[in-house]
1. Give me the inter-chain shielding for B:82-95: mean count of other chain Cβ atoms within 10 Å, whole number please.
2. Figure the gain on full extension for residue A:81 and residue A:179 (residue separation times 0.36 nm, minus the Cα-Cα span) and round it to one decimal in nm.
3. What are the GluC sites (Glu not before Pro) within the stretch A:154-204 that DSSP puts in a loop, where the Cβ has at most 13 other Cβ atoms within 10 Å?
4. Output the Cα-based Rg and Dmax of the stretch B:72-153 in Å, rounding Rg to one decimal and Dmax to a whole number.
5. Tell me which trypsin sites (Lys or Arg not before Pro) from the stretch B:86-132 have a DSSP coil assignment and no more than 15 other beta carbons within 10 Å of their own.
6. Between Rg and the Kirkwood Rh of chain B, both from Cα atoms, what is the Rg to Rh ratio?
7. Roughly how far apart, in whole Å, are the Cα centres of the stretch B:21-75 and the stretch A:184-204?
8. What distance in nm lies between label points placed 7 Å from Cα along the C-beta direction at residue B:7 and residue A:141?
Amino acid sequence: MQAQPNLALISLSKTIESVLNTAIRLDDMQGEAFKALDDNVIELTLTPIESPLYFLITHTTVSVQTTLQGEADAAIQTTLIDFASLPIQRQLPHAKLSGDTDLAQRFIDALCSLDIDWEEQLSHYTGDLIAFKVGHGIRTLLGAQTNAKQTASQTIREYLQFELEAVPVKHQVAHFCEEVQTITDEVDALEKRIQQLQQTQTST
Amino acid sequence: MSQNKPTIDFGFSDVPIEEKVKKVKGVFDSVASNYDIMNDVMSLGVHRIWKRHTIELSGIRPGHVVLDLAGGTGDLTKAFAKRVGKTGRVVLADINESMVRVGRDRLINEGIVGNVDYTIANAEALAFPDNTFDLATIAFGLRNVTNKDKALEELYRVLKPGGQLMILEFSKVTQPLFAKFYDFYSFNILPKMGKLIANDEASYQYLAESIRMHPDQDTLKQMMLTAGFDKAEYLNMSEGIVALHRGWKF
């Protein structure tokens, strides 16, 4: 008898398949970018999960499964967290691509290109006015979040650089690098001169 | 019934061999229109998980040619058709015309067209050339076949070298206490549900009986090897209520 199948992995594959196909259906372009990937198979490894998932793309439908006969056309290795945050980040920054890397990159681009007009979808259920207010609220919240992030980053930087003087500012680093380069050049020149003198001494 | 006529099981009764096909056809003609809803009610929706496992383990890919034998209302065909793409093909075959008709209408209504063929086929005499399919499945159908050995030989014949047969079928419950509960459910609750939902107690009584008459896990595995399969294994699901047998032709 075989080992029991990995229920958690099968549930994950089913969930990703459902979410992805719903996103394609709601996408402004109806998943047009996936058409170029027709009849291809992409292997996706989401660390820390060891077993890969296989994405079978046929027309604009994506099927996800845990086993595949033969090799996938392209493989992508990334983290589960990076993949889960792809709809917000719109990129897979640390992905490792193998096999047909062009195909793998096109798959990532297709995933990143999915653009759902949530306000429009919401308006079907709530009407335009409420959908606009919810959308406006979310946009304001996201804008405030970005501002808060930028302000906090700037405050911490200034505190470390000017109050504590724990880290240098940009132009200090540049000046230091220039001085190191100058010393390196001078040492190189000195080394060559010494070598030349040694050769002269040996020949005489 | 003549004493000399060879008989075969039809549920717990014995019928002449040539009559089993007609009787099974009668059962499925009767349940065809309510088949999907009854499956959901009888298994509490778990049949979807069993089928999903089957699809997952098939390892199917675009371009593959698949036979969904006893395909019924097309649950597996639908999933396979999406996966094989326009370069592949799925054949939904069933001995029962009513089931094929329900399956065909359902799939067309769901937009599954272009790469699916529908045919009436007897598992014991498949009208396909040798080495045709990358994958063949028979889900909840083998127990209704009169000559199972012949059907397995036919399935082996139509598979390509490297091809795989998947048999999803009710089997023998492995946990004794659970087996008692399952027997009670099968013979007391299931036929009543059949009467309530499909107004057809007898057909569902047959379904319960036919499950008990079906070969257990190890016997079916041995039958697959005897039919010619080069490798066979099985996987119990839900404590053996259902087993997924897989056989390979190398």
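1. Numbers: counts 8, 9, 4, 9, 4, 3, 2, 0, 0, 0, 0, 0, 0, 0.
Per residue, the average neighbour count from other chains is 3.
2. 31.1 nm
3. Hits after loop and neighbour filter: A:165.
4. 12.7, 36
5. B:86
6. Using only Cα positions, Rg/Rh for chain B is 0.95.
7. 86
8. The modelled label-to-label distance comes out at 7.1 nm.
The values are calculated or read from the model by the stated rules, or taken from the named source; none is laboratory data. Since we're looking at a predicted model, the values are computed, not measured. Positions of Cβ are generated from backbone atoms using ideal geometry, with glycine treated the same way; all protein chains shown enter the neighbour counts. SASA here: full protein model, heavy atoms, side chains in, ligands and nucleic acids out. Shrake-Rupley method; radii C 1.70, N 1.55, O 1.52, S 1.80 Å.
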